[in-house]
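Everything on this sheet refers to the single structure shown next.
The values are calculated or read from the model by the stated rules, or taken from the named source; none is laboratory data. It should be emphasised that the depicted structure is a prediction, and the values quoted were computed from it without experimental measurement. No Cβ is skipped: glycine too gets one built from the backbone with ideal geometry, and neighbour counts run over all protein chains shown. In case anyone asks, the SASA skips ligands and DNA or RNA and just uses the protein heavy atoms, side chains included. Shrake-Rupley method; radii C 1.70, N 1.55, O 1.52, S 1.80 Å.
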Amino acid sequence: MTLLIAGGTVIGPTGAIAADVLVDGETIAAVLAPGTGPSEGVEVVDASGKYVIPGGIDAHTHMELPFGGTAASDTFDTGTRAAAHGGTTTIIDFAVQRTGEVVHDGLAAWHAKADGNCHIDYAFHMILGGVDDDSLKAMDQLVADEGVTSFKLFMAYPGVFYSDDGQILRAMQKARDNGSMIMMHAENGIAIDVLVRQALARGETDPIYHGITRPEALEAEATHRAIALAEVAQDCPLYIVHLSASRALEHVAAARDAGRNVFAETCPQYLYLTLEDQLGAPGFEGAKWVCSTPLRSKHENHQRDLWRGLRSNDLAIVSTDHCPFCFKDQKELGVGDFSKIPNGIGGVEHRVDLVYQGVVDGKLSLERWVETISTTPARMFGLYPKKGVIAPGSDADIVLYDPNGRTRISVETHHMNMDHSAYEGYEIAGKVDTVLSRGEVIVSDGAYHGAKGRGRYLRRGLSSYLV
Ligand SMILES: [Zn+2]
Ligand SMILES: [Zn+2]
């Protein structure tokens, strides 16, 4: 089928232009001067008054992630459907190798969870929970044969996912050799565990102590250490995930100023939510916002600095770290002991809107909005130009965004499998109007037309930010 998206404003890396977009089957056939497209044999989608942007790419999700005796409450079915509602047409989820497990088994398990269940296209990063000779060999195989070109390591969670500095260095050396990207959870988990034990011994059990025992200094220290280790590994490509705080950002900015292959993402929760207002909510309520890295204090300038980092490209991407847990029975595992609260916030449905609100608030340009939610993730993780841009030959993953619409975020209206919303009551001065995934209209007029199983696995290439 041929579609003509007519009358809209196409936003891309080269700016905002009035253009019509011709879609043939699953791909974009042409970007045309307004009114110059075919008038017969096409179905016209009226985009007047709308922004026409490449579909969102959420480069950091955790569908069905086992954590702390439970599992993230969104399946690949419910989570990718919610993503589609919010204008995200690709996710990159994290397959998991736990300590002691075989890397290929972890990847196979993730394919089994996702296969036949996704509403939108998907790819995988690989979490390495144990760096040894076997997993280093597996890194080469995943890059060469499986389309998995990025590997997440943890400086936190001793005994679960933690890698020591020697293991990190070996994985970085391997990544330097095969061109892949090391993604780092940069928090000093050894020190954090001491603080957690001390807090609990003092009877400090409320959710806010989750944040207090993960101080900014231990994110900054780990970020700096990761950057130093990557330097020793011949400037191995390094991507800091879920960066939450000013001082960690300063280390990333300094490395980038020095011309290093260092990149970072932040997440909407760090741009909007705080230690005091959310994590410190009365009683056990704050458990809804327990995530790691934690929400930071509103009495410092983290949010201002993160928005500035997005403008300056010291922060390249906004991902969600979508890892939802219901309040009832899941978050409640940590009543009386914050260290037992499953870590994670759900937000895959709201990222496009929440970053757009930054445009409305004058913190970000339209072009940076599109770059940080779509174009840069595609380039960073080897999906470009198939994804992340409106150009001839690219997949027709397209969102019509209505700057005159409004979105009110609430558990009453969201599609994620959660019994609460981390952004309950937030109003966005904009709205996802229509969503196309590979040429198929899957969301329009608030109605859903997609289907489970239509999403395809994407084999990724290497990052296009490296030469
Ligand atoms: Zn993490
Ligand atoms: Zn994560």
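Considering amide H positions built from the backbone, and no H for Pro or chain starts, which residues 5 or more places from residue 127, or on another chain, come under 5 Å of its amide H?
Correct list: 95, 96, 97, 152.
For region 1-66, take the alpha-carbon Rg, divide it by the Kirkwood Rh, and send me Rg/Rh.
Value, to two decimals: 1.12.
Dipole of region 289-339, Cα-centred, from +1 at each Lys and Arg C-beta and -1 at each Asp and Glu C-beta, to the nearest 20 debye? Don't jump to the answer; show the numbers that get you there.
Details: 7 positive and 7 negative charges, 57 e Å.
Dipole of region 289-339, to the nearest 20 debye: 280 debye.
Long-range amide H contacts for residue 44: which residues qualify at under 5 Å (H placed 1.01 Å from N, peptide plane, sequence gap of 5 or more or a different chain)?
Amide H neighbours of residue 44, under 5 Å, 5+ apart: 4.
Give the span of region 152-191's Cα atoms along each principal axis, as three whole-Å numbers ordered largest to smallest.
In descending order, the Cα extents are 31, 16, 14 Å.
Any idea what the alpha-carbon Rg over 2.2 N^0.38 Å comes to for region 277-426? Display every interim value, and only then the final one.
Working: Rg = 17.2 Å, N = 150, 2.2 N^0.38 = 14.8 Å.
Scaled against compact globular proteins, the figure is 1.16.
Ignoring ligands, DNA and RNA, please state the percent of accessible area on the chain from carbon and sulfur, probe 1.4 Å.
C and S fraction of accessible area: 49 percent.
Of 184, 10, 262, which is farthest towards the positive pole of the chain's charge dipole, taken about the Cα centre with +1 and -1 on the beta-carbons of Lys, Arg and Asp, Glu respectively?
It is 262.
Plugging the Kirkwood radius over Cα pairs into Stokes-Einstein for region 128-206, at a temperature of 10 °C and a viscosity of 1.306 mPa s, what D comes out in µm²/s? Could the numbers behind the result be given before it?
Details: Rh = 13.8 Å.
Stokes-Einstein gives a translational diffusion coefficient of 115 µm²/s.
Between the helical axis of 165-178 and the dominant principal axis of the chain, each derived from Cα atoms, what acute angle in degrees is found, rounded to the nearest 10?
So the helix axis and the longest Cα principal axis differ by about 30 degrees.
For residue 452, which lysines qualify as cross-link partners when the Cα separation must be under 16 Å and same-chain residues fewer than eight apart are set aside?
Straight-distance partners of residue 452: 113.
Suppose R0 equals 35 Å; then what is the FRET efficiency for residue 329 and residue 217 from their Cβ-Cβ distance, rounded to the nearest 0.05? Write down the numbers at each step before the final one.
On the way: r = 34 Å, r/R0 = 0.98.
E(calc), rounded to 0.05, equals 0.55.
Residue farthest toward the positive end of the dipole of the chain, with Cβ of Lys/Arg at +1 and Asp/Glu at -1: which of 44, 393, 334?
393
Residues of region 262-293 with amide nitrogen under 20 Å from the 7 Å Cα-to-Cβ point of residue 205?
From region 262-293, the list is 279-291.
For region 205-218, what does the Karplus curve 6.51 cos²θ - 1.76 cosθ + 1.60, with θ = phi - 60°, yield as ³J(HN,Hα) per residue in whole Hz, taken in order and with x for Gly and Pro?
Taking θ as phi minus 60°, the curve returns 10, 6, x, 4, 5, 4, x, 5, 8, 10, x, 3, 4, 7 Hz for region 205-218.
Using packing as a proxy for protection, rank 440-452, 257-269 so that the peptide with the highest average count of other Cβ atoms within 10 Å comes first. Walk me through the numbers before you get to the answer.
Details: 440-452: 15.2, 257-269: 21.2.
Highest to lowest by the protection proxy: 257-269, 440-452.
Taking +1 at the Cβ of each Lys and Arg and -1 at the Cβ of each Asp and Glu, which of 373, 228, 83 sits farthest along the dipole of the chain towards its positive end, judged by Cα position relative to the Cα centre?
Looking along the dipole axis, the top candidate is 228.
Determine ³J(HN,Hα), in whole Hz, for all residues of region 343-360 in sequence, where each value follows from phi through the Karplus function 6.51 cos²θ - 1.76 cosθ + 1.60 and θ = phi - 60°; x replaces Gly and Pro.
Result, rounded to whole Hz: 7, x, 10, x, x, 4, 7, 10, 4, 4, 5, 5, 6, 4, 4, x, 5, 4.
If amide hydrogens are placed 1.01 Å from N in the peptide plane, which non-local residues have theirs closer than 5 Å to the one on residue 456?
121, 122
For a Förster distance of 22 Å, can you work out the FRET efficiency between the beta-carbons of residue 43 and residue 451, rounded to the nearest 0.05?
On the way: r = 19 Å, r/R0 = 0.88.
Calculated transfer efficiency: 0.70.
Using only alpha carbon positions, build the gyration tensor of region 390-467, then give the equivalent ellipsoid semi-axes as the square roots of 5 times its eigenvalues, largest first, whole angstrom. Don't skip to the end; give the middle numbers.
On the way: eigenvalues 150, 56, 51 Å².
Each semi-axis is √(5λ); the values are 27, 17, 16 Å.
What is the dipole size for region 395-458, taken about its Cα centre, with +1 at each Lys and Arg Cβ and -1 at each Asp and Glu Cβ, in debye to the nearest 20?
Numbers: 7 positive and 10 negative charges, 47 e Å.
In debye, rounded to 20, region 395-458 gives about 220.
Just the Cα atoms of region 77-190, one point each, no solvent: what log10 I(q)/I(0) does Debye give at q = 0.16 Å⁻¹?
-0.74
Could you tell me the ratio Rg/Rh of region 1-132? Both radii from Cα atoms, Rh via Kirkwood. Walk me through the intermediate numbers first.
On the way: Rg = 19.6 Å, Rh = 17.3 Å.
My calculation of the ratio gives 1.14.
Through the Karplus equation 6.51 cos²θ - 1.76 cosθ + 1.60, θ set to phi - 60°, convert the phi angles of region 35-40 into ³J(HN,Hα) values in whole Hz; use x for Gly and Pro.
Values per residue, Gly and Pro as x: x, 9, x, x, 9, 10 Hz.
Charges only on Cβ, +1 for Lys and Arg, -1 for Asp and Glu: so what's the dipole of region 291-449 about the Cα centre, in debye to the nearest 20?
Numbers: 18 positive and 22 negative charges, 96 e Å.
Rounded to the nearest 20 debye, it is 460 debye.
For the chain, what is the accessible area per residue in Å² when the probe is 1.4 Å?
Numbers: 16180 Å² over 467 residues.
Normalised by residue count, the accessible surface of the chain is 35 Å².
Scale the Cα Rg of the chain by the rule-of-thumb value 2.2 N^0.38 Å and send over the ratio, two decimals. Present the calculation step by step, with values, prior to reporting the outcome.
Numbers: Rg = 21.2 Å, N = 467, 2.2 N^0.38 = 22.7 Å.
Cα-based Rg divided by the globular estimate yields 0.93.
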